[in-house]
Amino acid sequence: MNADVMKGKWHQLKGEVKSRWGKLTDDDLDRVEGDSEKLIGRVQERYGYARHDAEREVRNFLDQRDDEVLAGEGDRSPHFGGRAQPGDVIGVETGGEQTHVGETTEDENKRRRDAEDEFAAGTTRRRDRT
């Protein structure tokens, strides 16, 4: 979960964070303000974890939230309200190229020219599709 998404979803996540880490106070959660680094620090402080342990727990928690949102949204955006955000892939064009939110025609044309140049030079990287 990227930082902007976490800040935007913080009010929804606070309850789950409180359930997961019950030693965190409401004041702790207010001070975190949707910042994953601050959350890691608070978890580390309240539970006496080593930094890497607190970081692993928080990352796992946030990754699990991402998986749940993506699984429940289907083709919709993984953001609350189903609104696409810059950088989201919103469709696949003919030829398998992806369209991104906020991409201008100029950006799209440059991306295509770069891909053609890579192909011509034999440096095309194969993308794994899952």
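The values are calculated or read from the model by the stated rules, or taken from the named source; none is laboratory data. All figures in this text were calculated on a predicted structure; none of them were measured in a lab. Cβ coordinates were reconstructed from backbone atoms using ideal geometry, including for glycine residues, and neighbour counts include every protein chain displayed.
Can you say whether Leu24 is among the aliphatic types (A, V, I, L, M), in a helix (DSSP H, G or I) and crowded, with 17+ Cβ neighbours inside 10 Å, as far as the supplied structure shows? Judged against the criteria, Leu24 is not a match.
Please tell me if Gln98 is at pLDDT below 55 and farther than 16 Å from Ala3 by Cα. Yes: the conditions hold for Gln98. Residues that are of a type outside the set (Val, Ile, Thr), modelled with pLDDT under 90 and either touching a Phe, Trp or Tyr at 6+ places or on another chain (Cβ under 6 Å) or over 20 Å from Asn2 (Cα atoms) (or both) are absent from the range 60-69 altogether. Kindly indicate whether Asp107 is more than 30 Å from Gly15 (Cα to Cα) and either modelled with pLDDT of 90 or more or acidic (Asp, Glu) (or both). Taking the combined requirement at face value, the residue satisfies it.
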